[in-house]
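The values are calculated or read from the model by the stated rules, or taken from the named source; none is laboratory data. This is a predicted model, so every value here is computed, not measured. Backbone-built Cβ (ideal geometry, glycine too); neighbour counts: all protein chains shown. Heads up: the accessible areas ignore ligands, DNA and RNA and are worked out on the full protein's heavy atoms, side chains in. Shrake-Rupley method; radii C 1.70, N 1.55, O 1.52, S 1.80 Å.
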Amino acid sequence: MNDIYNDAENDAKIDYSQLEVEASKTPSLIQKWNRLLTEAKFKEKLLKLDFKTLKSKKWEYYAGKSSPEEYMENPPSGTKILKGDIEKYIEMDKDVKNLAEKLSAQEVVVEYLQNTLNTMRDRSYSVQAAIKMRIFLSGG
């Protein structure tokens, strides 16, 4: 994540002594951050699918509907779980919690990349405003 922060900070900088160069860099910066955002959103969708699948498998496990092999590999605690309590057990399951943390982290990455993409789009307005100010100050 630090690499993304550093890249965003560097890409957002505008060298006001070379506005023409900065104006030409903006489209490629927008493309770069749009690509990163798309990749992050795809990863987020895959994690959401994995999360749904895992919750479904855990429901089967806690409801007593998994295969005998599953129970041999991962024996239950011996406590009879009521149908109404299955969701609580799923929420407390370490595998579910770990995947939920990964999904939450990916959601934060997506949000940050969306904000960075918006910053890169706004960057073009800042460059245009600086160019107009330079023209105005030069008497044009």
> Is it the case that the stretch 52-66 has a residue that's of a type outside the set (V, I, T), open to solvent by 90 Å² or more (accessible area, probe 1.4 Å) and either at pLDDT below 95 or touching a helix residue (DSSP H, G or I) at 6+ places or on another chain (Cβ under 6 Å) (or both)?
Replying inline: yes
> Based on what the data block shows, is L49 open to solvent by 90 Å² or more (accessible area, probe 1.4 Å), hydrophobic (A, V, I, L, M, F, W, C), assigned to a helix (DSSP H, G or I) and within 30 Å of K94 (Cβ to Cβ)?
Replying inline: yes
>> With the structure loaded, tell me whether R123 is of a type outside the set (S, T, N, Q) and either open to solvent by less than 70 Å² (accessible area, probe 1.4 Å) or closer than 20 Å to L37 by Cβ (or both) or whether it fails that test.
In response: yes
> What pairs can you find where one residue is in the stretch 14-35 and at pLDDT below 95 and crowded, with 16+ Cβ neighbours inside 10 Å, the other is part of a loop (DSSP other than H, G, I, E, B) and of a type in the set (V, I, T), and their Cβ atoms are less than 7 Å apart, with a gap of 6+ or different chains?
Replying inline: E22/I14
>> Restricting to the stretch 77-87, name every residue that is without any contact (Cβ under 8 Å) to a residue 12 or more places away in the chain and exposed (fewer than 12 other Cβ atoms within 10 Å of the Cβ).
In response: S77, G78, T79, K80, L82, G84
> Of all residues in the stretch 89-125, which are closer than 22 Å to D11 by Cβ, in contact (Cβ under 8 Å) with a residue 40 or more places away in the chain and of a type in the set (A, V, I, L, M)?
Replying inline: V109, V110, L113, L117, M120
